[in-house]
């Protein structure tokens, strides 16, 4: 740390060299595997072909190339950030092993299985084994875990400059080595004559790439370094940049922080013991994720080959589960109101668009709408459906206000049962069990919507999720969100702080139902048909499982929970059958072995059995969910230490409710 | 000042809080019986009494958690009867709880921000779209919350991002008062504000309770067991026993009141006057009606 | 069948299904009373009871015509199936508690609920793997005898189910109120820590509660099959839902409440069949298709006006 700012690139001393080696190698392996073994290079080459040979031109190939540029750019920045942000306390080998398991293993598994979700599921299995193996080894070696936050150092201007330079160096060396290995590989290909006609052009490209990458590394590493510095603590009055400049951190506060909130605060700071998990690194992951989601339909064919449309269809379906989970999270996670009938609002949303956006409208009201204009009605009706669902949320929420906990649960469950029955029995309007068909897809400029192309739906649900996510985050951080959590924690104290319990509860129901209504309208438009038999109590249960599995009250957790539940239920288990019947796959021998013992065996038939077991196991080993909100995590840890009982959902200690319940005598 | 009031009641001085013949029955049990109580602006009034005497029930009646069986409660001349708790807060009464009811899974700052709920105006739509004025409102709310915390010194400001569960008992009591102050009350109800505190913390509590009146011009009604506290800061003291007011007056009068001594120590204890200087609690036969509070 | 006969028959059927709901509801209410968990898997334990009986009767005793069976064999079959379904379900209940709920006793409130849902899904699919996805019918388990007095039409199975249900309920009530283990159960339900301090083995008591609750559900499964002669893999889910509703209706945690709630729901569902096919005043048609909605609507109404169920507060007794 005390070294001078190095102006030269090559000779590196002690600590910096160690850091460079550590991170460059940690990233070199996965990026090379992705580029050379899997599809990275294929995408770039396809994009080049598209540029230079008009015959090959297609927008999506170009987009795939663009994605790769973004990908490498973000990785270069990330490497720079990590080199700058690392406190150097985590061992080199340790990091390499972790990086191997958390990047190379999933890349290879997805590549081998050629299926994103099966590959990920297999990776999860590997991770769990790795995690426990690691714990065992640690126990065996009894190596002490790192003491929290010793590196709470204030950085002055000179040290900042050092960090930035270090970041540039890290990124530069990474880019250089990467491009050299790549060059070597490509030359090998070239001389074995595998490039054929376009060879000269590719030779130029290869040379250009080899020169440009290190330059890009130098520049982007600088950016990464800047981001790292922004997260560093600065001495008071140092000016400096970033959002921390107007609230200089007093040393006293630092000491308090380091004493008690060590682990959580430590994520924010630079230098950091575990920079991969720090807030700064998280921003890079988010950018990477956003780029991936945006470009996914274009790169999917490169990653997994044929069948893009069907895969996108699955993702577009998974999307509305995410929205449902986010909506339910408001009711259950934030406000602590156990809702077992959430499907009711989904039904209402679906039938709102189904009745307005299908010939049923003409049947019922005699109104005829120009079929050119009709699909456009989807957009206003999306809002209307959500509002109608929200209204029902209030109507159904109102009678439950005085109830608490499980009584509330059973009444919401009742509504969840009644609404589909009512919809089914009002066959004059809803066509009963036959359901409504011919529901219009949405319309949008320059987009061809129909039921068989999934891409528009993929983007539509992406936009909807983004909006819902934003709304959720803002609600959580607002006065309303605080009122919800306060009410969940202690109703009496909340009321005594001026919170109108009735209003706040109804708002939670309405907000939850609103998002469910959006999901419903989308569902009807995407499927183009709705039938009352498609909705049942078990759907409500699945939504609840998503929320609880992901982590009650945690927005990222809930998103992950929804995806995991959907993937396990819809994607992984049916896929296992397909794989099992395929003689070339790895699980084929296992599968045939099972078939010998149990005839007629298929994973789809025991889908719920496996899903049920996963639920139980996850709850036992991670009752707070996959990605718990910081609050829940604290609750649990407190419970571990003090053995205190947790009243998480609705009951404040002692007196649970109001008037009628407070009476003791 | 208080002596003056005793001798010549000033007709111009309207009571801030007035309980008229307030009675509360739980089933057959009268928790509070025909209680009259008047609190004038910027007074500190204490309610004392053995455990189970109905003190906290009085607080619950004032704050709308219970509705009185009969009688009337006036605040600023307006009846409080039938108002929901949050409406009572809106009128300008806020309170703390005997067994500290903070939101344990929220930070210190968030707890105080919840207290500011009423003074913030953002609706659910504003929260989602977050126009500039909402941002400013949130900023201002944070600033004010920190200001309120700084009433208890830099100490709590430093700990604003801690979860309250990590705070000491005394600090939690302070945060609870800060949360109560956040709703800009005229009348503050403190339920045993020094319970669980040591000597030094108690002294400090006495100090800041007085400052609440002197600096923030609040009216304070408090329940307290430690006589050191009540005698030290109260302008007047009301004594409850079995839900009835058995005495009311200046601290010195109460100290000498035979009925009070009897209520606390039984008949044989006229000589025990000094022993209840520190604390007095009747033994747990009264617990049953207390643990729901 | 004239209207009166039909009505009386519906009332009897309502009482019989209601008493089966009651038997299942008892398990819900006991478990809820003692560990505050909605044991979603309980309905599926009931289903397992019907399944065990079904498998024994068809695969072991090869029943085709009960009246043609020698009386000894018939009795043996009934006794063995009854005991087997009761015991297997009781053990299953204990096993589920041990594996899926006990590790979660100090976890957040919803964790055991999700775990229970997981168990429920697993049980259903296990059953589906065994008997397939569609409903399975058995021949009558005992020779059917009809009794008819004027408008009253009774089957011998009705009488058996009613009598057994009453016996089981009385027995359970006695167990809870008058025995040592019952006292321990009530103590644990009141305050687990205090009971533990008083020397009650809490784990054992909770396991015993599951044993009894699941055993009764298993017995219920046997008698249900005896009465209705059909079952399917998802019968437990639906019936469990009504039974749980019954438990809440009566005031959850309250045994008598669960019994009354079960009977009430059985009657409501059954009597909905009286709804005329073409009702006057523009009311919706098709009574039977509304019966589930009616159950929940009544439940909601009752809870709105009595937030703790019918017998929620009057009886402090809670197990």
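Things worth noting here:
- Here the ratio of the Cα radius of gyration of the range A:51-189 to 2.2 N^0.38 Å is 1.40.
- Stokes-Einstein diffusion coefficient of the protein assembly as shown, Kirkwood radius over Cα pairs, 25 °C, 0.890 mPa s, in µm²/s: 70
- Peptides C:222-230, A:448-456 ordered by packing proxy, namely the average of other Cβ atoms within 10 Å per residue, highest first: C:222-230, A:448-456.
- Helix B:199-216 vs. chain B, principal-axis angle (Cα, 0 to 90°, nearest 10): 70
- Entry note: the range A:307-621 has Rg to Rh equal to 1.00, where both radii use alpha-carbon atoms and Rh is the Kirkwood radius.
- For the range A:299-451, pairs of C-alpha atoms spaced more than 19 angstrom apart make up 64 percent of the total.
- Using a simple spin-label model with pseudo-atoms 7 Å out from Cα toward Cβ, residue C:238 and residue A:437 lie 2.6 nm apart.
- Treating each Cα of the range B:44-185 as an identical point scatterer and summing with the Debye formula, the log10 of I(q)/I(0) at q = 0.08, 0.18, 0.21 Å⁻¹ comes to -0.26, -1.11, -1.27.
- The alpha-carbon positions of the range A:372-450 define a convex hull whose volume is 133 Å³ per residue.
- For chain B, adding -39500 (n - 2.57) for each run of n ≥ 4 DSSP H residues and dividing by the number of residues yields -11000 deg cm²/dmol at 222 nm.
- Cα coordinate range in chain B, projected on the principal axes (Å, largest first): 67, 41, 40
- Contact order, relative form, for chain C: 36 percent (alpha carbon pairs under 8 Å, 6 or more residues apart, mean separation divided by residue count).
- Length-normalised contact order of the range A:307-621 in % [C-alpha pairs under 8 Å, at least 6 apart]: 34
- Counted over chain B, the DSSP beta bridges are approximately 55% antiparallel.
- For chain B, built as a Gaussian network whose Cα springs stay under 10 Å, the top-fluctuating residue of B:42, B:21, B:136: B:136
- Point-to-point label distance, residue A:373-residue B:14, nm (Cα→Cβ direction, 7 Å offset): 6.1
- Mean separation of Cα contacts under 8 Å, 6 or more apart, over the residue count of the range B:102-184: relative contact order %: 54
- The Cα atoms of the range C:35-179 give a gyration tensor whose axes a ≥ b ≥ c have a/c of 1.5 or more with a/b greater than b/c, which makes the shape prolate.
- Evaluated at q = 0.10, 0.13, 0.15 Å⁻¹: base-10 log I(q)/I(0), Debye formula over Cα of the range C:1-82: -0.43, -0.68, -0.82
- Relative to the longest principal axis of the Cα atoms of chain B, the long axis of helix B:132-150 lies at roughly 40 degrees.
- Fluctuation leader among C:272, C:259, C:198 - chain C, Gaussian network, Cα springs under 10 angstrom: C:198
- Value of Rg to Rh for the range A:326-368, rounded to two decimals, is 1.27; Kirkwood radius and Rg both from alpha-carbon coordinates.
- Size descriptors for the range B:145-196 (Cα atoms only): Rg and Dmax, in that order, 10.9, 30 Å.
- In plain terms, the C-alpha convex hull of the range A:338-414 casts an average shadow of 5.6 nm² when viewed from every direction.
- Rg followed by Dmax, in Å, when the range B:102-184 is reduced to its Cα trace: 12.9, 39
- Size of chain C: Rg and Dmax of its alpha carbons, in Å, are 19.9, 64.
- Top of C:196, C:207, C:264 by mean-square fluctuation, Gaussian network on chain C, Cα under 10 Å: C:196
All of the numbers you see were taken from the coordinates with simple rules; none came from a lab. Note that the structure is a prediction, hence the values are computed from the model and not measured. No Cβ is skipped: glycine too gets one built from the backbone with ideal geometry, and neighbour counts run over all protein chains shown.
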